1. How about the stretch 39-55: which of its residues are part of a loop (DSSP other than H, G, I, E, B) and either of a type in the set (A, V, I, L, M) or in contact with a Leu (Cβ under 7 Å, 6 or more places away or on another chain) (or both)?
2. Counting only residues that are among the polar types (S, T, N, Q) and under 17 Å from residue 28 (Cβ atoms), which one in the stretch 43-91 is surrounded by the fewest Cβ atoms within 10 Å (Cβ to Cβ)?
3. Taking the stretch 120-137, which residues are more than 9 Å from the ligand (Cβ to nearest atom), touching a residue at least 60 places away in the same chain (Cβ under 8 Å) and not acidic (Asp, Glu)?
4. Look at residue 172 and say whether it is small (Gly, Ala, Ser) and in contact with a Ser or Thr (Cβ under 8 Å, 6 or more places away or on another chain).
5. Hey, among 36, 64, which residue is out of contact with any Cys (no Cβ under 8 Å at 6 or more places or on another chain), away from the ligand (no atom under 12 Å from the Cβ) and not in a helix (DSSP H, G or I)?
6. Does residue 87 qualify as being under 20 Å from residue 10 (Cα atoms), part of a loop (DSSP other than H, G, I, E, B) and in contact with a strand residue (DSSP E or B) (Cβ under 9 Å, 6 or more places away or on another chain)?
7. Here is a check on your reading of the model: is residue 82 more than 13 Å from the ligand (Cβ to nearest atom), closer than 20 Å to residue 197 by Cα and in a loop (DSSP other than H, G, I, E, B)?
8. Looking at residue 166, is it in a strand (DSSP E or B) and of a type in the set (D, E, K, R)?
Amino acid sequence: MNLKQAAAEKAVEYIKDGMIVGLGTGSTAYFAIRRIAERVKEGLKLRAVASSRHSEELAREWGIPLVSFSEIEAIDVTIDGADEADGEANLIKGGGGALLREKILAHHSRRMIVIVDESKRVERLGAFPLPVEIVPFAENLTLRSLKELGTEPVLREKDGELFRTDNGNLIADCRFGVIADAAELERRLNLIPGVVENGLFVRMAHTVVTGCAGGRVTIQDYI
Ligand code: 5RP
């Protein structure tokens with residue numbers, strides 16, 4: 001079995017009857033959504049809230065009952081991928097551009113389960129460029145402020161055009177080198193007017209499920 005699939009399917013075991021479940025975005029979350037759909041067909045009762053239009057479409061197509069953000073007060077379990085995960089529950093997310101909705105789900109989740117293959121496990125965050133969601137109407141000013149933090153932001157493109165998030169915003173991919181203090185960088189990024197959200201999820205993972213070569217799956221709990 002694919003390593004991402006192995007991690008995703010293990011994480012789905014945490015879902016119990018009656019839960020509200022946050023659906024992540026990306027190729028690893030895809031396997032979780034698919035497995036959740038199978039369990040719903042087998043009789044599991046749940047309601048799901050999706051972190052992106054794409055995940056919402058998958059859920060709808062596969063018969064997972066959906067609710068919107070405005071209909072819920074908390075989420076029991078969110079299962080989502082990551083671009084990097086360190087050993088202290090810190091993540092870089094947003095490779096798929098869904099970081100804002102993903103972070104809202106993670107923040108309000110009783111348990112945030114991160115599913116990764118072993119290539120995403122790192123000592124220190126920072127090899128993956130940090131996605132920063134910015135408003136489109138003040139892009140130059142916002143990019144200038146980002147540069148003052150010591151990065152050369154690159155506006156993300158898709159199919160030769162500027163990439164737009166589900167919220168209509170842009171993504172600036174920012175290399176900061178090794179991120180020694182993720183909490184401080186997150187604070188400074190969120191102080192910039194024009195930054196909507198950034199992909200640093202500081203101590204937000206409650207559980208990290210890692211698919212490893214040879215079919216082994218490891219579980220780290222941080223709560
Ligand atoms: C989307 C994300 C994804 O979880 C992250 O990019 C990992 O994706 P994949 O599972 O495809 O490697 O943060 O915004």
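1. Within the stretch 39-55, 44, 51 meet the criteria.
2. 52
3. Once the filter is applied, which keeps residues that are more than 9 Å from the ligand (Cβ to nearest atom), touching a residue at least 60 places away in the same chain (Cβ under 8 Å) and not acidic (Asp, Glu), the stretch 120-137 yields 121, 125, 130, 132, 134, 135.
4. Yes; evaluated as a whole, the condition is true for this residue.
5. After ruling out the rest, the residue left standing is 64.
6. Judged against the criteria, residue 87 is a match.
7. No, not satisfied.
8. In short, no.
Each reported figure results from applying straightforward, stated rules to the coordinates on display, with no laboratory input. Since this is a predicted model, take the numbers as computed values, not measurements. A quick note on method: Cβ atoms are made from the backbone with ideal geometry, for glycine too, and the neighbour counts reach across all protein chains shown.
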